[in-house]
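The values are calculated or read from the model by the stated rules, or taken from the named source; none is laboratory data. Fair warning: this is a prediction, and the values are worked out from it, not measured in the lab. Cβ sites come from the backbone with ideal geometry, for glycine too, and all protein chains shown count toward neighbours.
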Amino acid sequence: MASPPESPIVSFRQDEAGDWIAELACGHSQHVRHRPPMEVREWVVTEEGRRGRIGARLPCRFCRMPRVPAAATEYKRTLIFDASTTPSGLRKRHTTKEGVWGEIVVLEGRVLYVIEDEEDASFILRPGVPGSIAPEAPHHVEPYEDARFFVRFLR
């Protein structure tokens, strides 16, 4: 299994529960918690500790996702789906057409996105963390009960 790419920490913020989140240079974010014995990060509980970690590199699973080309433009999108209205075709292996990129945009809740022909390539998407779909890449989604999302198509 390949290790995820690493990205430097550029800042920290707290979520609504008070847990710390590292903002990474790649544009993604990652929770950094101190919950021994599973997660031992004593440095996260103090301002000095967090300040000392600016620039430290963390693995970023989301950087394993394909990147939609900057020049790609949206030409259509789906309706908004939830757990009960997601078409069965999206829940099983499928692909986009040649030259067509997709982007799963989560409005509320979470959606599991699986890129099927890659090892360890499943992602839990949430608002602000879209899922990029490369042309012709086999994938499927499984919305959580709280999900509301749509798919944009770009070329």
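Structure notes:
- Among the residues of the stretch 96-155, just one is β-branched (V, I, T), crowded, with 18+ Cβ neighbours inside 10 Å and not in a strand (DSSP E or B), namely T96.
- Hits in the stretch 18-46 - residues which are farther than 22 Å from F123 by Cα and of a type in the set (G, A, S): G18
- Filter result (out of contact with any helix residue (DSSP H, G or I) (no Cβ under 9 Å at 6 or more places or on another chain) and farther than 22 Å from R67 by Cα) within the stretch 20-30: I21
- Residue that is farthest from D120 (Cα to Cα), among those in the stretch 50-92 that are more than 19 Å from the chain's Cα centre (by Cα) and among the charged types (D, E, K, R): R51
- Selection of strands (runs of 3 or more DSSP E) fully inside the stretch 1-43 by the criterion of at least 3 residues being among the hydrophobic types (A, V, I, L, M, F, W, C) returns 6-14, 20-24.
- Within the stretch 46-69, the residues that satisfy the criterion of being more than 24 Å from I104 (Cβ to Cβ) and in a loop (DSSP other than H, G, I, E, B) are T46, I54, G55, A56.
- Within the stretch 136-149, residues that are at pLDDT 95 or above reach partners that are of a type in the set (S, T, N, Q) and not in a strand (DSSP E or B) with beta carbons closer than 6 Å, at six or more positions or on different chains, in the pairs E136/T95; P138/T95; P143/T86.
- Taken as a whole, the stretch 87-106 holds at least one residue that is assigned by TED's automatic domain parsing to the domain that holds I124, touching a residue at least 60 places away in the same chain (Cβ under 8 Å) and closer than 22 Å to E142 by Cα.
- Of all residues in the stretch 44-63 being surrounded by 16 or more Cβ atoms within 10 Å (Cβ to Cβ) and out of contact with any Phe, Trp or Tyr (no Cβ under 8 Å at 6 or more places or on another chain), the one that is modelled with the highest pLDDT: L58
- Qualifying residue in the stretch 71-92 (condition: touching a Pro at 6+ places or on another chain (Cβ under 7 Å) and modelled with pLDDT under 95): no
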